[in-house]
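A short write-up of the structure that comes next.
The values are calculated or read from the model by the stated rules, or taken from the named source; none is laboratory data. Just so you know, these numbers come straight off a predicted model, no measurement behind them. Glycine also receives a Cβ, built like all others from the backbone with ideal geometry; neighbour counts cover every protein chain displayed.
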Amino acid sequence: MHELKIISAYQRGNLAAEYLLIEVLSDTNLHNYILFDSAYSEFNPFHSDSQKFFWFPYCEVREGDYVYLFSTIGENKKSYDNALDYSEHRFFWGRNQAAWTKGAETAYLFRVNLPPQICNVERESSELDIR
């Protein structure tokens, strides 16, 4: 069973407002997920122009929550809607260019099975940025 589902990218090409919306389908920890962006090419459907990824920090999420991954720089935060009983988790990728501009990009979300001794370790996503 899938725990997360990418809904769509919004405000494409506008770095200040661009974000990817992810729905939480079952309780999980975002720490176990890495998101890759890739541009589609006629000759190589998994070609990655930017070679960028975002490894989510340690964050418990519940079924029904939403995760927003903004392309720009910002401060991660969580808000809770009492009336609808769900949380919104906002994360910031820290990119200096919009991620979803060409219309041929695809977001891939991978679950990583981490060893128990590092499952609760917090880390900075910038440490994992490959250029």
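Observations on the structure shown:
- Some residue of the range 39-46 being surrounded by 17 or more Cβ atoms within 10 Å (Cβ to Cβ) and either modelled with pLDDT of 95 or more or more than 11 Å from the chain's Cα centre (by Cα) (or both): yes
- Here the condition is being modelled with pLDDT of 85 or more and basic (K, R); of K5, K102, it holds for K5 alone.
- Top-ranked residue in the range 8-20 [being without any contact (Cβ under 8 Å) to a residue 24 or more places away in the chain and part of a strand (DSSP E or B); ranked as farthest from Y108 (Cα to Cα)]: Y10
- Failed item in (1) over 17 Å from Y19 (Cβ atoms); (2) at pLDDT 80 or above, with P116 passing the rest: (2)
- Here R95 fulfils each of the conditions (1) in a loop (DSSP other than H, G, I, E, B); (2) within 23 Å of K5 (Cβ to Cβ); (3) at pLDDT below 90 apart from (3).
- Restricting the range 51-73 to residues that are over 22 Å from G13 (Cβ atoms) and assigned to a loop (DSSP other than H, G, I, E, B) leaves a set whose member that is nearest to the chain's Cα centre (by Cα) is F56.
- Tally of residues being assigned to a strand (DSSP E or B) and at pLDDT 95 or above across the range 21-32: 4
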